[in-house]
1. So what is the diffusion coefficient of the stretch 2-176 in µm² per second by Stokes-Einstein at 4 °C and 1.567 mPa s, using a Kirkwood Rh over Cα pairs?
2. Cross-link partners among lysines for residue 225, C-alpha distance below 16 Å, same-chain residues fewer than 8 apart left out?
3. Note the full-extension length gain between residue 338 and residue 115 as 0.36 nm times their separation in residues minus their Cα-Cα distance, in nm to one decimal.
4. Show me, bin by bin at 10 Å from 0, the whole-percent P(r) of the stretch 187-381 based on Cα pairs.
5. Cα axis of helix 234-268 to longest principal axis of the chain: angle in degrees, 0 to 90, nearest 10?
6. Can you compute the modelled spin-label distance between residue 23 and residue 4, with each label point 7 Å from Cα toward Cβ, in nm?
7. Hey, what angle do you get for helix 288-297 against the long axis of the chain, alpha-carbon based, 0 to 90 degrees rounded to 10?
8. Below 8 Å between Cα atoms, with a sequence gap of 6+, how large is the relative contact order for the chain in percent?
Amino acid sequence: MKIYKAYKFRLYPTNDQRGFINRTLGCKRFVYNYYLNYLKDNNGINRFDLHKDLPKLKEENEFLKEVDSTVLCSAVDDLCKAFNDYYAKRKGYPKFKSKFSKQSYRTSCVRSRYKEKEYSNIEVDLLTRNIKLPKLGKVKIRGFRNEERIEGKIVNATISRDATNKYYVSVLVEEDIIIEKIIPTTIVGIDLGIKDLVVTSDGIKYGNDKVLMKFEKRLKRLQRKLSRQVKGSKNYLKTKEKIARVHAKIKNYRKHYLNDIANEIVDDHDIIVTESLLVKDMFKEKVKAFNKSLSDASLSKLCSLIEWKSKIKGKYYYKINTYYPSSQICSHCGYKNSKLKDLSIREYDCPKCGSHNDRDINASLNILLEGLKLHYNLVSLV
């Protein structure tokens with residue numbers, strides 16, 4: 001089975017390399033914006049026409065010849081993908097790229113063979129902590145200290161510069177691996193929420209760290225300071241970078257916490273069952289505090305991590321129906337109590353069997369039972 005994995009490293013370029021990366025980012029942005037403006041007045045132009053016109057654009061603008069040609073081709077491909085998403089109503093109309101937001105460019109891996117020796121324009125050496133990139137040469141990297149080499153075939157590399165002026169490279173690798181489905185012996189149902197991020201059918205609760213709330217006071221102070229400063233001034237840009245650093249801390253803290261939860265759940269269980277949440281519909285609530293907490297929880301990201309980790313470890317992951325009333329059904333006798341739609345009721349006694357239920361643990365047990373049905377239906381079909 002072929003899978004694609006991305007390895008992300010922190011880049012430490014020299015001053016010359018940093019200047020070249022910035023110029024490449026500018027060239028990619030120029031090509032993207034040029035053809036976006038061109039397509040506004042010329043309908044019916046497809047991807048092949050744009051690639052055919054690219055050499056002519058390079059002749060008219062000599063500075064485009066300095067950078068890697070595959071970067072400019074990828075800019076055209078990204079624009080065409082943006083239009084495809086727009087026509088398929090997945091996203092809005094493509095917007096012009098700004099030099100003040102996060103920047104990135106993608107370069108393809110090209111291989112050649114000479115005198116029975118293979119050459120590649122992208123090579124990663126984790127022992128010396130260097131990466132060879134087109135037009136840049138060797139650049140120092142940090143990351144993945146627990147691995148000696150990258151297995152698989154390198155497809156491309158994406159170099160990015162974030163709002164804090166740090167540089168990263170993400171190397172996409174195609175790996176051919178054998179994933180054997182294990183014989184399941186353990187199963188867990190997971191109820192997702194905001195108060196407790198995860199409640200398992202084993203009775204384990206993973207609290208919601210509310211990362212945004214921890215940094216909210218600092219963000220408010222910096223944003224008030226930014227609003228008083230002259231837009232575009234040096235102090236304005238310094239404050240803007242400080243805000244970006246706080247957001248980067250929030251992002252990294254949340255990412256680390258979600259990965260820890262996903263790893264623990266997938267390592268300890270063979271069948272994992274969660275709810276199928278319509279997070280976009282949940283954001284339609286008009287309560288501002290609820291929307292902020294929901295965004296901070298990153299429930300969709302957590303489900304994606306559990307699904308991916310289950311897949312590569314040969315374990316089973318299921319999502320039950322969105323509208324399954326897991327909180328209203330008693331996990332002991334199956335009695336459905338419609339009064340439990342009130343979210344303020346956290347514990348209750350079942351009117352039919354008299355069992356005392358914790359709302360979230362009861363919901364996770366119902367999710368487990370529903371997932372078990374899905375698994376046995378799947379096994380019977382095979």
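A short reminder: the numbers here are calculations on the coordinates, not readings from a lab. Since the model is a prediction, treat every value here as computed from it, not as a measurement. Cβ placement follows ideal geometry from the backbone for every residue including glycine, while neighbour counts extend to all protein chains displayed.
1. 74 µm²/s
2. The qualifying lysines are 217, 234, 238, 240, 242.
3. Details: separation 223, 0.36 × 223 = 80.28 nm, distance 7.54 nm.
Going from the current span to full extension adds 72.7 nm.
4. Percent of pairs per bin, in order: 8, 29, 30, 18, 9, 5, 1.
5. Once rounded, the angle reads 50 degrees.
6. Distance between the two pseudo-spin positions: 3.0 nm.
7. Once rounded, one gets 80 degrees.
8. Working: 526 pairs, mean separation 59.3, N = 382.
Rounded, it is 16 percent for the chain.
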